[in-house]
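Engineer: Take a look at this one; I'll ask things after.
The values are calculated or read from the model by the stated rules, or taken from the named source; none is laboratory data. On a predicted model such as this, the values are computed, not experimentally measured, just so you know. Every residue, glycine as well, gets a Cβ built from its backbone with ideal geometry; the counts of neighbours run over all protein chains shown. Just the protein is used for accessible areas: all its heavy atoms, side chains included, with ligands, DNA and RNA removed. Shrake-Rupley method; radii C 1.70, N 1.55, O 1.52, S 1.80 Å.
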Amino acid sequence: SQWGEENLQALSIQEGEDVTMNCSYKTYTTVVQWYRQKSGKGPAQLILIRSNEREKRSGRLRATLDTSSQSSSLSITGTLATDTAVYFCATDALSNNRIFFGDGTQLVVKP
Amino acid sequence: DTTVKQNPRYKLARVGKPVNLICSQTMNHDTMYWYQKKPNQAPKLLLFYYDKILNREADTFEKFQSSRPNNSFCSLYIGSAGLEYSAMYLCASSNRGYAEQFFGPGTRLTVL
């Protein structure tokens, strides 16, 4: 398996709080992608961070990547109830065509 | 337009019967994927088509078949459904060399 310590986690927070989700992976990857899956829909990419980047920001999102520890994090600031979803990280294990998902984090943001 | 469509959205099948799921995309992507997702688990790649070349994952090689009659359409075929096939099936597409995959809403398959 490409994945280390990332079983499905569940987080429940209040709207307006900040949250950070983590994942770790076993083998080298050229990029880490973070996807969000809302109820009844397929996953959608939120942010992509390359192996030569340490941090990437997009709006309220911030992704980090530590290749030495093979871990990545996704932070959301000022969460909204509409951020309620499952968040997955995904790596490519140097594959040109394939990506491999971690188990994900179920985030519930209460209004 | 970044739409990937899947039909049907819900499918009920009997044990031992065949199942055929359909996916379409209008982005002219060269690669189409099928994933299986069970509750509280990660999406699991089953197979993908790069152009006309089918690649099946080793651990699901004999369980699933697929066809891609043209660039826009791709099907997932289960010859004899078992209870363990009950899951959400996600279709995605992308272009080779680009990491982002675009997903459809999924087909929820229930095998009874």
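Engineer: Please work out which one of (1) in contact (Cβ under 8 Å) with a residue 12 or more places away in the chain; (2) open to solvent by 30 Å² or more (accessible area, probe 1.4 Å); (3) among the β-branched types (Val, Ile, Thr) is the condition residue B:53 fails and give its number.
Structural biologist: Here residue B:53 meets the rest and fails (1).
Engineer: Next question. Looking at segment A:91-105, which of its residues are more than 11 Å from the chain's Cα centre (by Cα) and touching a residue at least 24 places away in the same chain (Cβ under 8 Å)? Spell out the reasoning first.
Structural biologist: Of the residues in segment A:91-105, the ones more than 11 Å from the chain's Cα centre (by Cα) are A:92-100.
Once the filter is applied, which keeps residues that are more than 11 Å from the chain's Cα centre (by Cα) and touching a residue at least 24 places away in the same chain (Cβ under 8 Å), segment A:91-105 yields A:92, A:93, A:94, A:99, A:100.
Engineer: Would you mind listing the strands (runs of 3 or more DSSP E) fully within segment B:1-91 where at least 1 residues are basic (Lys, Arg)?
Structural biologist: Numbers: elements: B:4-7, B:10-13, B:19-25, B:31-37, B:44-50, B:53-56, B:65-70, B:73-78.
Because the criterion is at least 1 residues that are basic (Lys, Arg), the strands (runs of 3 or more DSSP E) in segment B:1-91 that meet it are B:4-7, B:10-13, B:31-37, B:44-50, B:53-56, B:65-70.
Engineer: While we're on this one: Does at least one position in segment B:71-80 carry a residue that is open to solvent by 70 Å² or more (accessible area, probe 1.4 Å) and closer than 26 Å to residue A:95 by Cα?
Structural biologist: Yes, segment B:71-80 has at least one match.
Engineer: Based on what the data block shows, is residue A:58 out of contact with any Gly (no Cβ under 6 Å at 6 or more places or on another chain) and either modelled with pLDDT of 95 or more or within 13 Å of chain B (Cβ to nearest Cβ) (or both)? Break it down into steps so the answer makes sense when it comes.
Structural biologist: Numbers: out of contact with any Gly (no Cβ under 6 Å at 6 or more places or on another chain): yes; either modelled with pLDDT of 95 or more or within 13 Å of chain B (Cβ to nearest Cβ) (or both): yes.
Considered against the rule, which asks whether it is out of contact with any Gly (no Cβ under 6 Å at 6 or more places or on another chain) and either modelled with pLDDT of 95 or more or within 13 Å of chain B (Cβ to nearest Cβ) (or both), residue A:58 comes out as yes.
Engineer: If a residue has to be open to solvent by 40 Å² or more (accessible area, probe 1.4 Å), within 9 Å of chain B (Cβ to nearest Cβ) and either of a type outside the set (A, V, I, L, M) or in contact with a Cys (Cβ under 9 Å, 6 or more places away or on another chain) (or both) to count, how many in segment A:31-49 make the cut?
Structural biologist: Residues that pass the stated criteria total 3.
Engineer: Only one of A:74, A:80 is within 15 Å of the chain's Cα centre (by Cα), on the phi < 0 side of the Ramachandran plot and away from every other protein chain (no Cβ under 14 Å). Can you tell me which? Give the derivation first.
Structural biologist: Numbers: A:80 fails: within 15 Å of the chain's Cα centre (by Cα).
Testing whether each residue is within 15 Å of the chain's Cα centre (by Cα), on the phi < 0 side of the Ramachandran plot and away from every other protein chain (no Cβ under 14 Å) leaves just A:74.
Engineer: Here's a follow-up. What are the residues in segment A:7-45 that are part of a strand (DSSP E or B) and free of Cβ contacts under 8 Å to residues at least 40 places away in the same chain, if any?
Structural biologist: Going through segment A:7-45, the residues part of a strand (DSSP E or B) turn out to be A:9-14, A:19-25, A:31-37, A:44-45.
A:44, A:45, listed by residue number.
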